[in-house]
Amino acid sequence: MSNIIEFSGVTRNENILKGEPILTNTNTPVRAIIELRRLFYTPEQIVLRLKHLSLDQVNAAIEYYAEHRSEIDPYIESNRVPHYLIESLVKNG
């Protein structure tokens with residue numbers, strides 16, 4: 001089975017991001033919402049930035065993360081851009 005609902009508003013699909021938790025009916029990973037929260041975006045600001053999402057979807061991602069932090073944190077780490085690449089872009093930009 002490729003679609004398994006684990007949490008209200010969050011699902012997995014092996015064909016999207018290799019099964020990483022995403023918001024239902026989107027390709028938006030939970031980690032994307034959490035990364036914006038870590039940049040001090042409010043849920044309301046996230047909805048303004050990611051216009052295809054509703055406030056309920058953003059809140060579902062935040063709630064999912066609260067209960068599945070150990071699952072989502074490795075996705076965040078594995079998708080992080082290394083500092084040396086960022087510094088290089090800033091210097092050469």
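A quick yes/no check of all residues on (1) more than 16 Å from residue 73 (Cβ to Cβ); (2) in a helix (DSSP H, G or I):
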position	(1), (2)
11	yes, no
18	yes, yes
27	yes, no
32	no, yes
37	no, yes
40	yes, no
46	yes, yes
59	yes, yes
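Only a single criterion out of (1) modelled with pLDDT of 95 or more; (2) among the acidic types (Asp, Glu); (3) surrounded by 11 or more Cβ atoms within 10 Å (Cβ to Cβ) is not satisfied by residue 14, namely (1).
For region 17-49, a residue qualifies if it is of a type in the set (A, V, I, L, M) and open to solvent by 40 Å² or more (accessible area, probe 1.4 Å), and the qualifying residues are 17, 39, 48.
The values are calculated or read from the model by the stated rules, or taken from the named source; none is laboratory data. The structure displayed is predicted, hence computed values, not measured ones. All Cβ positions, glycine included, derive from the backbone under ideal geometry; neighbour counts span all protein chains shown. The protein model used for the area step is the full one, side chains on, heavy atoms only, and it has no ligands, DNA or RNA in it. Shrake-Rupley method; radii C 1.70, N 1.55, O 1.52, S 1.80 Å.
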